[in-house]
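Colleague: Have a look at this one before I ask anything.
The values are calculated or read from the model by the stated rules, or taken from the named source; none is laboratory data. Just so it is clear, the structure is predicted and the values come from calculations on it, not from any experiment. Reconstructed Cβ throughout: ideal geometry from the backbone, glycine too, with neighbour counts over all protein chains shown. With ligands, DNA and RNA removed, areas are computed over all heavy atoms of the protein, side chains included. Shrake-Rupley method; radii C 1.70, N 1.55, O 1.52, S 1.80 Å.
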Amino acid sequence: QKCPILKHDIKIVDSPGIDVTPDIDAWIQKYCLDADVFVFVANAESTINQAEKNFFQTVAKHVSKPNIFILNNRWDMAAWNMEWHSEEREAVQQQHRERCLEFLVDELGVCSRSEATERIFFVSAKEVYQYRTSKNPDQNIQRRADGWNERLNNFQKFERLFSHCLSRSAVETRFSEPAKTVSKITEELSANFNRVLELCQENSII
């Protein structure tokens, strides 16, 4: 009820510790090859580290242009807890965004820059969780925190785009091979009919 997308047949897998798993390649081979979407939850209080990059670089070697969303989580702590002015907050946010864009576009090459801008979000998962599980959400203190509406809107936008991407990818995965098979059968039938037509024409001439 709180998350409609979970009503569908969706399997969510949390990756192991990306900097401590000894055989990450085997794990990726086992769980990631047929994954439709990847969600990279980054800590907005710091920056993307090399271990996190290495994980997705390894994924990109095994999966052709994986669909990756980046959630800069704990944005409430990173941006508002520091008591920055709006100009400082926007500058830090832009810095995070540029690093995410460089990672998706230049380092991984999984999408264009315009596509990547629609895959980067600044959220507080804790705030959304507290809001959605609260019996009186309108009285929730977190909802009245500075920048709450902006972070909530960002999370809701992520959910919409994630759901759309997941649905599109699932359709392509489930129906692409059957469609190819049907196309091949149709081509063979067409070739056979053409051959029958040619034979009929030859016999009529004789």
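Colleague: Select from the stretch 67-128 those chymotrypsin sites (Phe, Trp or Tyr not before Pro) which occupy a DSSP coil region and have at most 15 other Cβ atoms within 10 Å, ordered by residue number.
Modeller: Taking the stretch 67-128 and a limit of 15 other Cβ atoms within 10 Å, the loop chymotrypsin sites (Phe, Trp or Tyr not before Pro) found are Trp84.
Colleague: Between Thr133 and Gln94, what's the calculated FRET efficiency when r is the beta-carbon distance and R0 is 45 Å? Round to 0.05.
Modeller: Result of the calculation: an efficiency of 0.90.
Colleague: How many nm separate the modelled label positions at Ala51 and Thr186, each set 7 Å beyond the Cα in the direction of the Cβ?
Modeller: Label-label distance for Ala51 and Thr186, simple model: 5.1 nm.
Colleague: Leaving out same-chain residues fewer than 8 places away, which lysines sit with a Cα under 23 Å from that of Lys157?
Modeller: Partners found: Lys2, Lys7, Lys11, Lys65, Lys126.
Colleague: Taking R0 as 25 Å, what's the FRET efficiency between Leu166 and Gln29 from their Cβ-Cβ distance, rounded to 0.05?
Modeller: Working: r = 22 Å, r/R0 = 0.87.
Computed FRET efficiency for Leu166 and Gln29: 0.70.
Colleague: Another question, then. Can you give the relative contact order of the stretch 28-74 as a percent, counting alpha carbon pairs under 8 Å and 6+ residues apart?
Modeller: The normalised contact order for the stretch 28-74 reaches 60 percent.
Colleague: Follow-up. Tally up the carbon and sulfur contribution to the accessible surface of the stretch 20-130 as a whole percent, 1.4 Å probe, everything protein left in place. All intermediate terms of the calculation are to be shown ahead of the outcome.
Modeller: On the way: 2730 of 5940 Å².
On the stretch 20-130, the fraction of accessible area on carbon and sulfur atoms equals 46 percent.
Colleague: For Ile68, which sequence-distant residues (separation of 5 or more, or a different chain) have an amide H within less than 5 Å of its own amide H, given hydrogens modelled in the peptide plane?
Modeller: Phe38
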